[in-house]
Every structure is written in C-alpha cells, then in structure tokens.
Amino acid sequence: MKSSLAVLVGFLIAAMGLVGLIVPSVFVRLGWAWATVPGIYVSAAIDIVVGLVLIRAAPRSRSPVGLGVFAAVSLIGGVITPFLGLARMYAAARWWSGQSPTILRLWALFELTVGVLIVCAVVPRRRALRPATAIP
C-alpha cells in the first residue's frame, strides 16, 4: 500500500511534467492558483502529504537516500510555504509568469524526470526468471 501511494505520487508528478512540456502555460496558471490564500494552504498540504508518502516508502525503495531527499525537500517546502505569505507567493507567481516557454519546459522536464525516478525507485523489483533446466 505504501509503495502504491508513492507510485501514484510519482505518476502524478511525471504527468504534471509531461503536461508542462506540451503546454507550458499550465505552470503559469498553476502558479497563479497558488498565489491565493487558499492556494497557499492547499500547496502546503500537498507538499506535506507527498513528503510523508515518500518517507514511508523510502526504506523499501531501490534508493532510500534519494527518495528521502525528495521527501525532505517536499516536507520542508510544505512547512515553509504558509509562512511566506501572500505577497511573496504573488511575487513568485508574477516572476514565474514572466519566464520564457523554454525555461518553463526545462522545469517541466525536471519535474517529469523526478516523477519517473520516484516511480522507478518504488516499483517492486521483479524476480529473475530461473533458466529452464534440461530434463535428462
């Protein structure tokens, strides 16, 4: 169950990255959505939930340290976000909306990569097939 939630988190992150590669303006709209009072708290809650899911999945993953780093970054971001305040979130959204589509696509590519790495780290290992033995 823990790893399936982490797989879902990884797929959602990768899907956002893929959408951002195709339509970079989605990141701009998302930035403006977070630049509201409810958006700040929703963003913080999402970050905290993602961090907790990844922390719980990390010990049994292929890369416990790497997944732990992603989890820590997410948790720290979730805790700090509400304290930034509306003015800083608005300034960040304004800065984000001023970026070129190339920069937005590079960020989307990074997000897609992180999502795929999370999925690869938490998908259960496949057992190696035993070679068939010849019957004498």
Within region 1-25, residues being assigned to a helix (DSSP H, G or I) and within 18 Å of Arg94 (Cα to Cα) number 2
Taking first residues from region 94-106 that are at positive phi and second residues anywhere that are in a helix (DSSP H, G or I), the pairs with Cβ under 8 Å that are 6 or more apart or on different chains are none
So, first residue surrounded by 19 or more Cβ atoms within 10 Å (Cβ to Cβ) in region 42-66, second residue of a type in the set (Lys, Arg) and at pLDDT below 95, Cβ within less than 9 Å, six or more apart or across chains; the pairs are Val53/Lys2; Ala57/Lys2
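The values are calculated or read from the model by the stated rules, or taken from the named source; none is laboratory data. It should be emphasised that the depicted structure is a prediction, and the values quoted were computed from it without experimental measurement. Heads up, the Cβs are rebuilt from the backbone with ideal geometry, glycines too, and the neighbour counts pull from every protein chain shown.
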